[in-house]
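Participant: I have a structure here, written as structure tokens, and I will follow up with some questions on it.
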Amino acid sequence: MSRFTDSDFLRYTLDNPTGISEPSQRQLADGSLLTVSASGIMTVEPANPTRALDLVLSCGVHGNETAPMELVRDMVTDLLDGTLIPGVRLLVLIGNPVAANISQRFEQVNMNRLFSGNHMNHDCWEARRAAELEAAVSTFFSQGGEGRERCHYDLHTAIRGSEYEKFAVHPYTAGAPYHAEQLGFLAACGINAVLFSSKPSTTFSYASSNLHGAHAFTLELGKVYPFGQNDLGRFALINQALRQLIVTGTFQQATWQQQLICFDVCHELLKESDDFRLTIADDVNNFATFHQGDQVSTSSAGDYHAQHNGEAIVFPNANVPIGGRAALMLSVIDPAQIPIQHN
Ligand SMILES: [Zn+2]
């Protein structure tokens, strides 16, 4: 183990996946302070703030989702060499270096089901790490203080193909309206679709939204490839938009009503018995659609058939525990029907 002294934060994190010998702090060229407090946990305090914004960028919560880790690595390198001058408070998290080192989604448990305290129900690496990440976010936001804007973008890629290459999962807001500026920012990032969650969850982004009042999203940005095999050009829009946000504190805008296909959850498909199975192709794309009456699953507890034409499926996975979620069924909604707050 060693202190962080070079410029490759990803390499350093992967070389020290479970802990670092001691925290390190470096002053950037403009006087900003960059602190590495634990493995994969870095904060930046800007010398010359451009907006009262506390920004969390997390990646690698699933260890094999490498492209976002490479994007974030390059941002940190550019902060260190003065190419990127930070104007907002920033917390950078590389989520699961242990799993990344074995090129797996997780070592024992899917970490993106362990937030909002659910890590306390497990005893494994991912549970300890989720607790550490959740604490890092709490510390970061509380040190920023009340009255500041809070954002958390949790960056992922997917194994499964998708009808929309890049999509966002919007956490459940318990009826609170959605923010036009955030939706406009997602569109500017090249996101094609947004799924509005219908209930609380144990994801990282939901925890930041619910516990800290952050604008928080899970962003699925394309396909999984091994380290070094990503075409980072496919992430140009979001890369550029996040860099502008870090520097100027401004959220680039695009016309979300035209660019984002909006989905509501119309049915949660639960695995109710051991003999549950999905009756669709194993390699079905996220957001693949069905006709009314098409069979989607079967089990001794009952079958499920699409209830309307154009019903879409996302995150299908029959390999979950009994009672677990095997898929979400979605309906497209008209952007004009979405409750929006314009500030
Ligand atoms: Zn993921």
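Participant: With θ set to phi - 60° and the Karplus curve 6.51 cos²θ - 1.76 cosθ + 1.60, what are the ³J(HN,Hα) couplings of region 286-294 in order, to the nearest whole Hz, using x for Gly and Pro?
Facilitator: 4, 6, 4, 10, 10, 8, 3, x, 4
Participant: To make sure I understand the rule: partners must be lysines, Cα under 22 Å from the Cα of residue 223, and not fewer than 8 residues away in the same chain. Which ones qualify?
Facilitator: Residue 223 reaches 166.
Participant: Then there is this: How would you order 211-217, 99-105 from highest to lowest mean count of nearby Cβ atoms within 10 Å?
Facilitator: 211-217, 99-105
Participant: Then there is this: Which order do peptides 244-251, 91-98 fall in by mean Cβ count within 10 Å, highest first?
Facilitator: Sorting 244-251, 91-98 by mean packing, highest first, produces 91-98, 244-251.
Participant: So how tilted is helix 125-144 from the main axis of the chain? Cα-based, degrees 0 to 90, rounded to 10.
Facilitator: Rounded to the nearest ten degrees, it is 60.
Participant: Let me ask another. Write down the percent of antiparallel bridges among all DSSP beta bridges whose residues are both part of the chain, to the nearest 5.
Facilitator: Of those bridges, close to 50 percent are antiparallel.
Participant: If each of residue 332 and residue 110 carries a label point 7 Å out from its Cα toward its Cβ, how far apart are those two points in nm?
Facilitator: Roughly 2.7 nm, to one decimal.
Participant: Taking the alpha-carbon distance from residue 271 and a cut-off under 25 Å, which lysines remain once sequence neighbours fewer than 8 residues away in the same chain are dropped?
Facilitator: Counting by Cα, and skipping residues close in sequence, residue 271 has these lysines nearby: 199.
Participant: A follow-up question, please. When the Karplus curve 6.51 cos²θ - 1.76 cosθ + 1.60 is applied with θ = phi - 60°, which whole-Hz ³J(HN,Hα) does each residue of region 315-332 get, with x for Gly and Pro?
Facilitator: Working through the residues one at a time gives 6, x, 6, 7, 8, 10, x, 4, x, x, 7, 9, 4, 10, 9, 10, 10, 6 Hz.
Participant: When 153, 178 are ordered from fewest to most other Cβ atoms inside 10 Å of their Cβ, what list results?
Facilitator: Fewest to most other Cβ atoms nearby, the residues stand as 178, 153.
Participant: Per residue of region 194-200, in order, report the coupling 6.51 cos²θ - 1.76 cosθ + 1.60 (Karplus, θ = phi - 60°) as ³J(HN,Hα) in whole Hz, putting x for Gly and Pro.
Facilitator: Residue by residue, region 194-200 yields 9, 10, 8, 5, 9, 7, x Hz.
Participant: Taking amide H positions as placed in the peptide plane 1.01 Å from N, state which residues far from residue 333 in sequence (5 or more) or on other chains have amide H under 5 Å from it.
Facilitator: 262, 263, 264
Participant: Can you give me the angle between helix 236-248 and the longest principal axis of the chain, using Cα atoms only, in degrees from 0 to 90, rounded to the nearest 10?
Facilitator: 50
Participant: Which angle from 0 to 90°, rounded to the nearest 10, does the C-alpha axis of helix 66-80 make with the longest principal axis of the chain?
Facilitator: Tilt relative to the chain: about 20 degrees.
Participant: Let me ask another. State, as an integer percentage, the relative contact order of the chain based on alpha-carbon contacts under 8 Å between residues 6 or more apart.
Facilitator: Answer for the chain is 16 percent.
Participant: With each run of n ≥ 4 DSSP H residues scored as -39500 (n - 2.57), what mean residue ellipticity at 222 nm is computed for the chain after dividing by its residue count and rounding to the nearest 500 deg cm²/dmol?
Facilitator: Rounded to the nearest 500, the figure is -7000 deg cm²/dmol.
Participant: Still on this structure: When the convex hull of the C-alpha atoms of the chain is computed, what volume per residue in Å³ does it have?
Facilitator: Normalising the Cα hull of the chain by residue number yields 130 Å³.
Participant: Here's something else I'd like to know. How far apart, in nanometres, would the label points at residue 180 and residue 265 be if each is projected 7 angstrom from Cα along the Cα-to-Cβ direction?
Facilitator: Each label point is offset 7 Å from its Cα along the Cβ direction, giving 2.8 nm.
Participant: So who's got an amide H within less than 5 Å of the one on residue 54, skipping anything under 5 residues away but keeping other chains? H placed 1.01 Å off N, in plane.
Facilitator: Hits under the 5 Å cutoff: 149, 150, 151.
Each reported figure results from applying straightforward, stated rules to the coordinates on display, with no laboratory input. In this text the structure is predicted, and so the values were computed from the model without any measurement. Here the Cβ is made from the backbone with ideal geometry for all residues, glycine too, and neighbour counts use every protein chain on show.
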